[in-house]
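Down below is the structure, laid out as structure tokens.
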Amino acid sequence: MKPFDPSAYRRILFFTGAGMSAESGVPTYRGKGGIWKEYDFEEFACQCAFERTPEKVLRFHELRRRSVLDCHPHDGHRVIASIPGAVVVTQNIDGMHQRAGSGEVIELHGSLWRLRCKQCRTITEDMGKEYQSLRCTSCGNWLRPDITWFGDMLDETVMQKAAEAISSCDLFISIGTSGTVWPAAGFPDLARKAGAFCIEINPEPSGSTRYNLVIRESAGSTLPRLFGTIDTAE
Ligand code: APR
């Protein structure tokens with residue numbers, strides 16, 4: 001495969017899903033070892049569950065934070081971060097792109113590292129394995145992970161930002177998503193209609209066939225070959 005020269009493109013956009021972090025050791029959602037194979041989302045990842053058993057849901061998310069902090073970005077994350085001006089639109093909540101040094105990361109499904117208070121409408125950054133507080137310091141309500149659970153609406157401002165970035169890219173690279181969760185599953189189509197050259201990197205077939213180039217390999221080995229190797233950071 002001939003490497004792509006990033007300087008030949010006006011705007012490169014990486015659209016990533018759980019498979020992007022798989023080689024870092026973060027489990028994917030579906031498929032073998034997937035989070036939704038082991039845990040019932042109705043018990044841990046929806047507003048109803050949170051209202052029934054908030055502490056149980058928060059402890060589950062702490063478990064996820066712990067396991068993510070034990071993982072580290074891989075060469076694929078670092079290659080993306082090394083491309084000047086590259087935009088990342090991710091379904092991932094693990095913050096791995098930011099840890100690798102990516103500047104512009106649009107998080108469609110929120111972040112494991114933020115909590116929000118429904119009552120006060122405040123959002124708190126909260127890094128670390130354990131939450132600093134499970135309750136809002138102003139009103140005492142339970143804090144909720146600032147992520148999109150099953151049944152939640154996506155943040156419209158974030159969606160709009162992602163759609164604009166995708167519509168204006170000329171190289172679109174989808175990595176490690178099963179393409180089953182909408183509206184993100186429609187992004188390859190959007191990019192293709194906008195005239196971008198579209199690449200998919202995924203060892204398994206996904207839902208979309210709207211790609212100019214499909215690479216049935218893993219993210220960690222393919223990205224350095226596609227764009228050249230980089231100096232390692234984290
Ligand atoms: N490199 C590239 N792709 C990989 C790798 C790898 N090393 N390993 C696995 N994959 C691919 C799988 O083949 C699969 O197609 O990653 C994909 C992971 O799919 P999902 O687990 O469905 O993850 P994702 O598409 O990100 O899920 C979307 O679903 O539950 C929600 O909110 C959650 O953001 C998530 C959304």
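The values are calculated or read from the model by the stated rules, or taken from the named source; none is laboratory data. For clarity, every value in this text was computed on a predicted model and none was experimentally measured. FYI the Cβ positions are ideal-geometry reconstructions off the backbone, even for glycines, and counts take in every protein chain you see.
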*Tell me, which residue of region 170-196 that is assigned to a helix (DSSP H, G or I) and within 22 Å of HIS77 (Cβ to Cβ) is farthest from the ligand (Cβ to nearest atom)?*
ALA191
_Those residues of region 154-180 which are surrounded by fewer than 16 Cβ atoms within 10 Å (Cβ to Cβ) and of a type in the set (Ser, Thr, Tyr), in sequence order_ = THR157, SER167, SER168, THR180
*Scope region 141-153; condition surrounded by fewer than 17 Cβ atoms within 10 Å (Cβ to Cβ) and either among the aromatic types (Phe, Trp, Tyr) or in contact (Cβ under 8 Å) with a residue 40 or more places away in the chain (or both); matching residues*: PHE150, GLY151, ASP152
*Any idea which residue in region 1-29 is modelled with the lowest pLDDT, counting only those that are exposed (fewer than 14 other Cβ atoms within 10 Å of the Cβ) and either outside any loop (DSSP other than H, G, I, E, B) or within 12 Å of the ligand (Cβ to nearest atom) (or both)?*
SER7
*Test ASP126 against the criterion of being more than 14 Å from the chain's Cα centre (by Cα), assigned by TED's automatic domain parsing to the domain that holds ARG225 and of a type outside the set (S, T, N, Q), and give yes or no.*
no
_Positions within region 115-139 being assigned to a strand (DSSP E or B) and either in contact with a His (Cβ under 7 Å, 6 or more places away or on another chain) or buried (at least 19 other Cβ atoms within 10 Å of the Cβ) (or both), in sequence order_ = LEU115, CYS117
